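Below is one structure; the comments refer to it alone.
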Amino acid sequence: MQRQRFGRTELQVSRIALGGIPLMRVPENEAVAVVREALALGINFIDTANAYADSEAKIGKAISGAPREELVLATKSQGTDAATLTRHLESSLKMLGVDYVDIFQLHNVSNQERYDAVFVQGGSLTWLQEQVKAGKVRYPAFSSHSVQMALTLMETNAFDAVQLPLNFIDREAEQAVSLARTLDMGFIAMKPLGGGLLPDAGVAFRYLLQFEDIVPDPGIETVEEIREIAAIVEASEGLTADDEAEIAHLREELGATWCHRCDYCQPCPEGIPISSVLLAQSTFKRFNAATAHLLVDKALERARNCTECGTCLPRCPYHLAIPELIKESLASLDTT
Ligand code: SF4
Ligand code: SF4
């Protein structure tokens, strides 16, 4: 697979990365097979996180024996103090079976509180710079779900790479792609398939591949998925008129207040699977009625217990009016 320069890091990375979230959900042998297939296809960039359960350990097992200098390993920590960050980094190194990571991302810096923890004297950024000096991290980076917060962080020029959600229904980060280009930062595109909402991988990747210098980071669960996506990337076709029509149709269908399925709003004290409820209408459009009922009925039942306590509201990086949207979702489905 084609390699490209990853901003000022000068790392040579594959045209796409392998995202580690779904590796949590599959048995170890299947996860190892996915990672090894990715390597065999020429994908040398693997992105994971301390928060992704045993994803790092599975990746570590899969890459053992692979030449370290051929790999570009990225991980993340949600820690906001030096002790937690150190514990997470040491755990990542151990699980991955390496003595350094190429890219270490402060995970989900999406609000003012997280921002302050980065820049406070002796905060996360200082810690990260110390790890670079110690040789445990090559390049400091961050991930975020807030484009505005990311732009502010990027402008400090303290980071070599940024990761943001970007896909054809979530295009706000296009402005961050431009800024990354200006600042010569690496750009990782999270959620290339809209967290599972975009059914056609061909359209989704052809949209992203328009941006020559970004690295889409699909979460992969099966060998078949990684083969399918690698084939789309290798074909390197531009967007077709049919693609443009499908994009317009899906944008209209999902509207502006769509839930990104990130689950940062959890846990809900009433146990409501919020994203399943907010996306229930879309589930009914995408699946036949029997399957859709199977997928969302329990979630909708629970949703009727929403107390409108508001606990979820400040946690949503997209500022969705969750209790209102739950009511709308229930009302609309009750009348269909
Ligand atoms: S407002 Fe409703 S959905 Fe949000 S945390 Fe409270 S009970 Fe859960
Ligand atoms: S409601 Fe907000 S926080 Fe919860 S899953 Fe959807 S986008 Fe994420």
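Only one residue in I220, I229 is in contact with a Pro (Cβ under 8 Å, 6 or more places away or on another chain), modelled with pLDDT of 95 or more and either away from ligand 1 (no atom under 16 Å from the Cβ) or in the same structural domain as A303 (by TED's automatic domain parsing) (or both), so which one is that? Write out each step before concluding.
Details: I220 fails: modelled with pLDDT of 95 or more.
After applying the criteria, what remains is I229.
Output the residues belonging to the range 14-30 that are under 20 Å from Q163 (Cα atoms), outside any helix (DSSP H, G or I) and not basic (K, R).
S14, I16, A17, L18, G19, G20
Would you check which residues across the range 314-327 are more than 7 Å from ligand 1 (Cβ to nearest atom) and not in a loop (DSSP other than H, G, I, E, B) and list them? Spell out how you get there, then give the answer.
Within the range 314-327, the first condition is being more than 7 Å from ligand 1 (Cβ to nearest atom), and the residues that meet it are 314-321, 324-325, 327.
Correct list: P314, R315, E324, L325, K327.
From A62, A38, which residue is touching a residue at least 60 places away in the same chain (Cβ under 8 Å), in a helix (DSSP H, G or I), closer than 17 Å to T222 by Cβ and hydrophobic (A, V, I, L, M, F, W, C)?
On the way: A62 fails: touching a residue at least 60 places away in the same chain (Cβ under 8 Å).
Exactly one residue qualifies, and that residue is A38.
Select, from L279, L300, L295, the only residue that is under 29 Å from L208 (Cα atoms), hydrophobic (A, V, I, L, M, F, W, C) and not assigned by TED's automatic domain parsing to the domain that holds R15. Give the derivation first.
Details: L300 fails: under 29 Å from L208 (Cα atoms); L295 fails: under 29 Å from L208 (Cα atoms).
Checking each option against the conditions leaves just L279.
Before we move on, is L325 in contact (Cβ under 8 Å) with a residue 12 or more places away in the chain, in contact with a helix residue (DSSP H, G or I) (Cβ under 7 Å, 6 or more places away or on another chain), away from ligand 2 (no atom under 12 Å from the Cβ) and not assigned by TED's automatic domain parsing to the domain that holds S110?
Working: in contact (Cβ under 8 Å) with a residue 12 or more places away in the chain: yes; in contact with a helix residue (DSSP H, G or I) (Cβ under 7 Å, 6 or more places away or on another chain): yes; away from ligand 2 (no atom under 12 Å from the Cβ): no; not assigned by TED's automatic domain parsing to the domain that holds S110: yes.
So L325 fails the test.
Kindly indicate the residue of the range 62-96 that is closer than 14 Å to Y52 by Cβ and among the hydroxyl-bearing types (S, T, Y) and also surrounded by the fewest Cβ atoms within 10 Å (Cβ to Cβ) among those meeting that condition.
S91
Consider R171 carefully, then state whether it is under 15 Å from the mean Cα position of the chain (by Cα), surrounded by fewer than 22 Cβ atoms within 10 Å (Cβ to Cβ) and of a type outside the set (A, V, I, L, M).
Details: under 15 Å from the mean Cα position of the chain (by Cα): yes; surrounded by fewer than 22 Cβ atoms within 10 Å (Cβ to Cβ): yes; of a type outside the set (A, V, I, L, M): yes.
Yes: the conditions hold for R171.
Determine if the range 221-236 includes at least one residue that is in a loop (DSSP other than H, G, I, E, B), touching a helix residue (DSSP H, G or I) at 6+ places or on another chain (Cβ under 6 Å) and closer than 21 Å to M190 by Cα. It would help to see each step written out before you state the result.
Narrowing the range 221-236 to residues in a loop (DSSP other than H, G, I, E, B): 221-222, 236.
Now drop any that are not touching a helix residue (DSSP H, G or I) at 6+ places or on another chain (Cβ under 6 Å), which leaves 221.
Those left that are additionally closer than 21 Å to M190 by Cα: 221.
Scanning the range 221-236 turns up at least one residue that is in a loop (DSSP other than H, G, I, E, B), touching a helix residue (DSSP H, G or I) at 6+ places or on another chain (Cβ under 6 Å) and closer than 21 Å to M190 by Cα.
Can you name the number of the only condition in (1) within 15 Å of ligand 1 (Cβ to nearest atom); (2) at pLDDT below 95 that T311 fails?
Of (1) within 15 Å of ligand 1 (Cβ to nearest atom); (2) at pLDDT below 95, only one is false for T311: (2).
Tell me yes or no: at least one residue of the range 183-202 is surrounded by 23 or more Cβ atoms within 10 Å (Cβ to Cβ) and in a helix (DSSP H, G or I).
Checking the range 183-202: not a single residue is surrounded by 23 or more Cβ atoms within 10 Å (Cβ to Cβ) and in a helix (DSSP H, G or I).
Just need a number here: residues in the range 89-139 that are in contact (Cβ under 8 Å) with a residue 60 or more places away in the chain and over 21 Å from L71 (Cβ atoms). Walk me through it before giving the result.
Quick first cut of the range 89-139, residues in contact (Cβ under 8 Å) with a residue 60 or more places away in the chain only: 102-103, 108, 110-111, 138-139.
Keeping just the survivors that are over 21 Å from L71 (Cβ atoms) gives 108, 110-111.
The qualifying residues number 3.
Could you list, ordered by first residue, the pairs with Cβ atoms under 8 Å in which the first is in the range 254-265 and farther than 11 Å from C312 by Cβ and the second is surrounded by fewer than 15 Cβ atoms within 10 Å (Cβ to Cβ), at least 6 apart or interchain?
Hits for this filter: T257/A321; R261/G196.
Between a first residue in the range 229-240 that is within 11 Å of L209 (Cα to Cα) and surrounded by 12 or more Cβ atoms within 10 Å (Cβ to Cβ) and a second residue that is among the small types (G, A, S) and at pLDDT 90 or above, which pairs have beta carbons less than 7 Å apart while being 6 or more apart in sequence or on different chains?
I232/A201; I232/G202
Got a sec? Which of C306, C268, C259 is touching a Cys at 6+ places or on another chain (Cβ under 9 Å) and within 30 Å of A17 (Cβ to Cβ)?
Working: C306 fails: within 30 Å of A17 (Cβ to Cβ); C268 fails: within 30 Å of A17 (Cβ to Cβ).
Only one candidate qualifies: C259.
Kindly list the number of the only condition in (1) more than 18 Å from A189 (Cβ to Cβ); (2) assigned to a helix (DSSP H, G or I) that fails for A51.
Every condition holds for A51 apart from (2).
Select from the range 240-276 the residues that are more than 9 Å from ligand 2 (Cβ to nearest atom) and among the aliphatic types (A, V, I, L, M) and list them in ascending order.
A241, A245, I247, A248, L250, L254, A256, I272
Filter the helices (runs of 4 or more DSSP H) completely within the range 258-305 down to those with at least 3 residues that are within 19 Å of E324 (Cα to Cα) and within 14 Å of ligand 1 (Cβ to nearest atom). Reasoning before the result, please.
Numbers: elements: 274-278, 280-286, 289-303.
Qualifying helices (runs of 4 or more DSSP H): 274-278, 289-303.
Consider A280 carefully, then state whether it is among the small types (G, A, S), farther than 22 Å from P192 by Cβ and without any contact (Cβ under 8 Å) to a residue 40 or more places away in the chain.
Working: among the small types (G, A, S): yes; farther than 22 Å from P192 by Cβ: yes; without any contact (Cβ under 8 Å) to a residue 40 or more places away in the chain: no.
Criteria not met by A280.
The values are calculated or read from the model by the stated rules, or taken from the named source; none is laboratory data. Please read all numbers here as calculations on a predicted model, not as lab measurements. Positions of Cβ are generated from backbone atoms using ideal geometry, with glycine treated the same way; all protein chains shown enter the neighbour counts.
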